[in-house]
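Please read the structure below before turning to the comments.
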Amino acid sequence: MAADSVYKVIFEHEGVFIHPSSDEDGIEQDLLVSGSLRIIDKDGEIFVEYKPLEDAVDPSNMLCAGKDSSSVVEWTQCPGDKSHQMIETQQSYETEWDMINTVSFRKRPCPNGEGFLNHSHERSRWTLTFSVCELKSITVKEEGWTFLLCKLKEATTTIPALHFHHGGSNEFLDSLRHFVLLTESPDDTTCLLVTSPNKALSQSFENLLDDNSFGLVHKFKKDPYVTTLGGFSKVTNYIYDALRGTEEQHQRPPQEVADLLGEIIPGLEINQQEEPGFEVITRIDLGMRPQVTRRHPLSAEDWTKHQHPEGRMVNVPHLKHSIFKGGLCHAVRKEAWKFLLGYFPWESTLEERKALQRNKTDEYFRMKLQWKSVSEEQERRNSRLRDYRSLIEKDVNRTDRTNRFYEGIDNPGLALLHDILMTYCMYDFDLGYVQGMSDLLSPILYVMENEVDAFWCFVSFMDQMHQNFEEQMQGMKTQLIQLSTLLRLLDLAFWNYLESQDSGYLYFCFRWLLIRFKRELSFQDVLRLWEVMWTGLPCQNFHLLVCCAILDSEKQKIVEENYGFNEILKHINELSMKLDIEEILQKAESLCLQIKTCKDLPHSVSVILGLDTLDPCGSPAPRPTQCLDTCCKGHLRETSHNSCKVAFMS
Amino acid sequence: MTTKTSLLKVILLGDGGVGKSSIMNRYVTNKFDAHLFHTIGVEFLNKDLEVDHHQVTLQIWDTAGQERFRSLRTPFYRGSDCCLLTFSVDDNQSFLNLGNWKKEFIYYADVKEPEKFPFVVLGNKVDVTERQVSTEEAQRWCQENGDYPYYETSAKDATNVAVAFEEAVRRVLAMDERTDHLIPTDTVKLHRKPRSAVACCS
Ligand SMILES: Nc1nc2c(ncn2[C@@H]2O[C@H](COP(=O)(O)OP(=O)(O)O)[C@@H](O)[C@H]2O)c(=O)[nH]1
Ligand SMILES: [Mg+2]
């Protein structure tokens, strides 16, 4: 999967020595450290790595040793540092551009203050790693043998001389030339100046460190075993790419895009699951996909039948089931959505609901007054509020403008949309306004036709969707990984196809997931889909099965036309407004039933769909046994393809 | 060898609301949709054209501008042949941000020689009467920041839209002719995207 940490050894040479005695501190003269020198490619970033021989293969040492070790160059983010040279910040947009400002890095100062190398007798302490981008120059010296003096751009860090007692220095330099330009210094012909043509690539790598939970380094530290294993699949991809020859050149930009995305999106599985290593599961025979039928929308009459005279809703499970199967007639929506979204408790009486609404009305207008009463002067000094307001104004003008509720220039619907979004900023100032939120509010306001009710229903919906919009977009990452897990269960062959097109992490579903298909379906169909989803039936995360259902309908086209990364993205984007909601819901429900009847469901799938809790015995389903279906062709590939703990095998 | 079509990737960058999506749609479909949604995620459209006897397929990428989505936007900068820096003449802040967009692009796009990269600057919405940015100001910025071509466009009434894209193509083609001669063969591997297709018909 694109998530994997790519670890390729590009060059390796044993019998390279460090002579610690040449250091000033004067350690035992006879101590020579022998080790191997490598050039490695980690996720596109090229490192030079030196490891003493005795050091057994411990992947956790490869990139960053533990925090206590001072023997390895460790990258730490340094907010602020250098940033001022890079960019002069501009007015209120300071925060907007923060990220560029902070993506400068420096090396972590050695915690024990002893300088770059710890003069310990432990040979493992001589391990060293640095990125080729950090190389400033290499001086080639002869002394009966060749030794190289590597200088880093940061002058405070010194690298000990590397002595090539068994030759190999030329090969090393030649290999290095694949990644950097080595040019003779005009002043000193033994000195090769290093220019790194691939600065942006290394910078994007650094950016990953910025995002703590997803940084490769972090991942690598946490579970080097899995990360390295996953890396192997990339090696095969690499070979495959090489075989593709010239075609690769045209493929490269999309692939680079894909790889970068892959680094940003996945990685969750590794952090989330409690046990290290793989959960290996044979490809599961899911059996027949049961046929299901959809029903008519619930009528106003049916709704009233479920309501006691004093207002309590009765037989709620049955009611929810009816809504799941057919949705609601439009006339019922205004009331029913308040229950479905949790604004009204099902068991509340009419009286209680009236009281609740009174309180909520007060609370709403109190918050509304807060932004309404901000003077121009104040707003001039409040860049966040100003930015939220500007975004909201722009987006309100571009949300559902063909809908009668929002069309034209002076439609009151537009003002309501604006005011509710502004008030939501006061309700949750940390989140504020993020693009996509106007899409989530618009149908709710359309149904409620009431500012206060719409606001509180929106608040409830946002409670579910909040993570999608947060700074790290954790919700999006989680969902993409969950979706990928489901798709691999339901249709491994298709997922493999997508993966072969660098699309295995399903980035193209981004818009679907961010705003729950709001842009994919007609307005009326969005209302239907959302009310069905809000029943919480027939399983948790039903919307992910909706994704699978749509993909199931599109896979033939995608595979037959042999779509690549770009074409898949385009094809999925262009499905917008061409989907049939009833067909999709029907298929998604079928998929759910099919999965539910499966006995040996992978644990991760049960967790995603919340099926464990439905176990009648009250105990979680037994973890599936590890069964290896080795006779099936191609299973090895499947295993190595998976970076996640679950490896499906066909 | 016969003339081949080369695929050029251009990307529209600029603040939200300056009209990037509208410009793309105007150019590719020759329509202006006043009810267009704001962009979520990334989209692209293709357009075939001929410039100075070169057959070109333009792949035009359009992104969402909000900060929150930066990490999912910037990977798509990779492999761009040209960047259209866009602001709106009725929004001074969008003009002030041009420099930031340029930096963000260079930073994430893996641009080898930023000084030589073909940027084209678009001042959109010239049909609007209440301007906040004058033509002179914009031209000065373009001159001072790398002598970029500047076009005042309107997605609404189609002013200069096609011309700007054609100029973008010319810039890229001119770049390629230069680099194809300058890059020594052994470093071609490092070159982002060798485009033999273009070289052979020049
Ligand atoms: N008057 C005028 N309005 C425009 C023009 N281009 C775009 N717009 C409007 O400006 C708003 C933002 O346009 P959009 O294409 O969504 O901007 P983007 O966020 O940069 O993609 C929309 O309401 C468009 O209708 C133009 O050339 N003239
Ligand atoms: Mg747009």
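Values quoted throughout were computed directly from the atomic coordinates according to the rules given, and no laboratory measurement underlies them. Just so you know, these numbers come straight off a predicted model, no measurement behind them. FYI the Cβ positions are ideal-geometry reconstructions off the backbone, even for glycines, and counts take in every protein chain you see.
Antiparallel DSSP bridges in the stretch B:4-184: what percent, to the nearest 5? Could the numbers behind the result be given before it?
Values: 10 of 30 bridges.
For the stretch B:4-184, the DSSP antiparallel bridge percentage is about 35.
What is the angle, in °, between the Cα long axis of helix B:20-29 and the longest principal axis of the Cα atoms in chain B? Nearest 10 is fine, range 0 to 90.
60 degrees
Treat the count of other C-beta atoms within 10 Å as a stand-in for reagent exposure and order A:598, A:548 from fewest to most. Before the final figure, lay out the partial values.
Working: A:598 17, A:548 22.
Ordered by Cβ neighbours within 10 Å, fewest first: A:598, A:548.
Quick one: B:24, B:175, fewest Cβ neighbours within 10 Å first, how do they rank?
On the way: B:24 24, B:175 18.
If I rank by nearby Cβ atoms, fewest first, I get B:175, B:24.
Per-residue counts of other Cβ atoms within 10 Å, averaged by peptide: what ranking do you get for A:506-516, A:140-150, highest first?
Details: A:506-516: 23.6, A:140-150: 14.9.
Output ranking for A:506-516, A:140-150: A:506-516, A:140-150.
With the crude spin-label approximation of a point 7 Å out along Cα→Cβ, what separation in nm comes out for residue A:285 versus residue B:136?
Spacing of the two 7 Å Cα→Cβ label points: 8.2 nm.
Summarise the long-distance tail of P(r) for the stretch A:383-517 by giving the % of C-alpha pairs beyond 24 Å. The partial results should precede the final answer.
On the way: 3485 of 9045 pairs.
Result for the distance tail: 39 percent.
Under the Karplus relation 6.51 cos²θ - 1.76 cosθ + 1.60, θ = phi - 60°, what is the ordered set of whole-Hz ³J(HN,Hα) values for the stretch B:54-67, x standing for Gly and Pro?
9, 7, 9, 9, 8, 10, 9, 9, 10, 10, 8, x, 5, 2
Write down the Kirkwood hydrodynamic radius of chain B, to one decimal in angstroms, obtained as one divided by the mean of 1/r over all alpha carbon pairs. Intermediate values should be presented prior to the final figure.
On the way: mean 1/r = 0.0578 Å⁻¹.
Value: 17.3 Å, from the Cα pair sum.
For a protection proxy built on the mean count of beta-carbon atoms within 10 angstrom, sort A:460-467, A:524-531 highest first, please. Present the calculation step by step, with values, prior to reporting the outcome.
Working: A:460-467: 16.6, A:524-531: 20.8.
Descending mean neighbour count gives A:524-531, A:460-467.
For the stretch B:88-146, place one equal point scatterer on every Cα, skip the solvent, and apply the Debye formula. What is log10 of I(q)/I(0) at q = 0.16 Å⁻¹?
-0.54
Determine the shielding of peptide B:32-45 by partner chains: average, over its residues, the number of Cβ atoms on other chains within 10 angstrom of each Cβ. The partial results should precede the final answer.
Details: counts 0, 2, 4, 9, 3, 11, 11, 4, 10, 13, 7, 6, 4, 3.
Other-chain Cβ atoms within 10 Å of each residue's Cβ, averaged: 6.
At a Förster distance of 56 Å, what's the computed FRET efficiency of residue A:154 paired with residue A:428, Cβ-Cβ distance as r, to 0.05?
E between residue A:154 and residue A:428, to the nearest 0.05, is 0.85.
Kindly put B:78, B:170 in sequence by how many other C-beta atoms sit within 10 Å of each C-beta, fewest to most.
Numbers: B:78 27, B:170 18.
Ranking B:78, B:170 by Cβ neighbours within 10 Å, fewest first, gives B:170, B:78.
Name the chymotrypsin sites (Phe, Trp or Tyr not before Pro) in the stretch A:338-445 that are in a loop by DSSP and that have at most 15 other C-beta atoms within 10 Å, would you?
On the way: sites: A:339, A:343, A:346, A:364, A:365, A:371, A:388, A:405, A:406, A:424, A:427, A:429, A:433; in loops: A:343, A:346, A:405, A:406, A:429, A:433.
Taking the stretch A:338-445 and a limit of 15 other Cβ atoms within 10 Å, the loop chymotrypsin sites (Phe, Trp or Tyr not before Pro) found are A:346, A:429.
Can you tell me, using C-alpha contacts under 8 Å and at least 6 residues apart, the relative contact order of chain B as a whole percent?
Values: 345 pairs, mean separation 51.1, N = 202.
Relative contact order here is 25 percent.
When only C-alpha pairs under 8 Å and at least 6 residues apart count, what is the relative contact order of the stretch A:314-469, in percent? Working shown, then result.
Numbers: 109 pairs, mean separation 41.8, N = 156.
Dividing the mean separation by the residue count of the stretch A:314-469 yields 27 percent.
Enter the angle in degrees (range 0 to 90, nearest 10) between the Cα long axis of helix B:98-109 and the first principal axis of the Cα atoms of chain B, meaning the one along which they spread out most.
40 degrees
Separation of the stretch A:312-370 and the stretch B:153-169 by C-alpha centroid, Å?
That distance is 51 Å.
Kindly provide the helix-only [θ] at 222 nm of chain B, computed as the sum of -39,500 (n - 2.57) over DSSP H runs of four or more divided by all residues, to the nearest 500 deg cm²/dmol?
Working: 7 runs with 67 residues, N = 202.
Rounded to the nearest 500, the figure is -9500 deg cm²/dmol.
Can you pull a Stokes-Einstein diffusion coefficient for the stretch A:314-469 at 37 °C (0.692 mPa s), Rh from Kirkwood over Cα pairs, as a whole number of µm²/s? Intermediate results must be reported in sequence, preceding the final value.
On the way: Rh = 16.7 Å.
Using the Kirkwood radius from Cα pairs, D works out to 196 µm²/s.
Hey, how many Å between the Cα centroid of the stretch A:519-569 and the Cα centroid of the stretch B:63-102?
30 Å
Could you work out the mean projected area of the convex hull around the alpha carbons of the stretch A:496-592, in square nanometres to one decimal?
Numbers: hull surface 23.4 nm².
Directional mean of the projected Cα hull area for the stretch A:496-592 stands at 5.8 nm².
Residue A:457: net charge of surrounding residues, Cβ under 13 Å, Lys/Arg +1, Asp/Glu -1, itself excluded? Could you put the intermediate results ahead of the total?
On the way: positive: A:333, A:334, A:338, A:360; negative: A:335, A:449, A:451, A:453, A:463, A:531.
That sum, taken over residues with Cβ under 13 Å, equals -2.
To the nearest 0.05, what FRET efficiency results for residue A:376 and residue A:471 with a Förster distance of 35 Å applied to their C-beta separation? Working shown, then result.
Working: r = 29 Å, r/R0 = 0.82.
For residue A:376 and residue A:471, the calculated efficiency is 0.75.
Which GluC sites (Glu not before Pro) from the stretch A:285-357 combine a DSSP loop assignment with at most 14 other Cβ atoms within 10 Å? All intermediate terms of the calculation are to be shown ahead of the outcome.
On the way: sites: A:301, A:310, A:335, A:347, A:351, A:352; in loops: A:310, A:347.
Answer in residue order: A:310, A:347.
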